[in-house]
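We did not get these values from a lab; they are worked out from the coordinates using the rules stated. Everything numeric in this text was worked out from a predicted model, so none of it was measured. Methodologically, a virtual Cβ is constructed for each residue, glycine included, from the backbone with ideal geometry; neighbour enumeration extends over all protein chains shown.
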Amino acid sequence: MIQIKDEFKKLIPALTVEEFKQLEQNCLDEGIREKIITWNGFIIDGHNRYEIATRWNLEYETETKRFKDENEVKLWMIDNQNGRRNLTDGWKYKLQQIKKEILLEEGELKRKETEGRPSKEKLLSIVDNSLPKHNTQKIIAKTLNWSTGKVAMADIVFKKATPELEEKVLNNEITINQAYKDIKKEEKQIQIAEKKEEQKQIIESITNIELKNIEATIEKGWYKVGKQFLYFGSNTDKEFIEKLPKAKFAFADPPYNAGVDKWDFDYKWELDYIENYADVVAVTPGGWNTCNFYKETNMNYIWEMFCWITNGMTHGKCGYANVIKTSIFGKVKPKISQDFWKINIDISKTEDTKHKGRKPYDFMIHLIDMFTNEKDIIIDVFAGSGTTLLMCEKMNRISYNAEIDKQYCIDIIKRIGTYERI
């Protein structure tokens, strides 16, 4: 008695409605010419012909194949399908993956019986004993006559696709390449959303910091504040410069000579040395003072970045502006993933310090995320209210900061809560 095993039948890509109708008409006109192949009574080739024969009471012949087990049956069925049918790329890949898993399973069993092989080795082939290691992607690529890149994309598609998307790939309603792009696009959107939420939480935690009720007595020199380093003194002091380590990123927000506070008069840039300490140097020269700054620096200019404040303004000597311009310098060009971005300022968060030159937290967190990773070192030569220092404390970076104003240094210490002279 002939039986149908779902596990075997699922290895046979379903015919389209049109293909089945054509096969059915051919069988009615010419009879069932090809034998229905079985193993232990189960159909392993000819499921569609058997269905047609049963429906129309047509005669057919059978042929019995001999295999040692179901795995060997499946391998034969996969090779048989590849040799006979015009399969979609999705089905070609899926069948090869099933074949790979079977061979890995068989190879693992064989490995345990074979002496002299590494204990963790997995063999793709149970036939090829000459090579101890196999590159699965290369083998599948060679079998399907694909590039290894296409196989790699298919690996991701069939690993991460929803059942609906996988079905579309199998039915050739969407290509493997397009499915891969769709998956990557969705992953990127998720990553962006997660990153925004993470940044939001960091900003909230910094905004909600209150000055600790501690006595902070300081004199010129270096202090460890939390996990960060703060120098009370000038950023041109030898004592500051000599302690600076090699950093991934340096930030400078120099005075613009706009007269917004006592420190914002008659400033001249003298900090080109930071290019020797940091891979990337970002400077916000201000719209009014930009030309003067470019005349005063000899650092290697790379790029310009713009941050648009969509709901607020910054006050400068020429009036109000809603763009923060950032000039990028460095001896090696960095990867700049985005040179224009938008931020939305929560007005309640712009007055949490008395420093009139503080950059928005949303702006600083974007720069730190773009140019550094966790545990990287950052230099800020104008610490001001301590935005960079506080960000680094929350973002698992280490910062070296300089601030010439004693009260600002004390306020930074009180926002962190712990400090020690070093």
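Just a few scattered comments:
- For residue 379, the residues whose amide H sits under 5 Å from its own are 249, 250, 251, 400, ignoring neighbours fewer than 5 places away on the same chain, with H placed 1.01 Å from N.
- Pairs spanning more than 27 Å between alpha-carbon atoms, out of 212/342; 10/100; 142/181: 212/342.
- Extension gain (nm, one decimal) between residue 339 and residue 61, 0.36 nm per residue minus Cα-Cα: 93.0 nm
- When both the stretch 159-185 and the stretch 188-207 are represented by their alpha-carbon centers, they are found 29 Å apart.
- Against the chain, whose longest principal axis comes from its Cα atoms, helix 148-160 is set at around 90 degrees.
- Pairwise centroid distance, computed over Cα atoms, of the stretch 356-377 with the stretch 282-310, Å: 17
- With 0.36 nm allotted per residue and the present C-alpha distance subtracted, the residue 184-residue 294 stretch has 35.5 nm of extension available.
- 0 to 90° range, to nearest 10: angle between helix 361-371 axis and the chain longest Cα axis: 60
- Going from the residue with the fewest nearby Cβ atoms within 10 Å to the one with the most, 266, 155 rank 266, 155.
- Relative to the longest principal axis of the Cα atoms of the chain, the long axis of helix 406-416 makes an angle of roughly 30 degrees.
- Computed FRET value (nearest 0.05) for residue 16 with residue 195, which takes r as the C-beta separation and R₀ as 41 Å: 0.40
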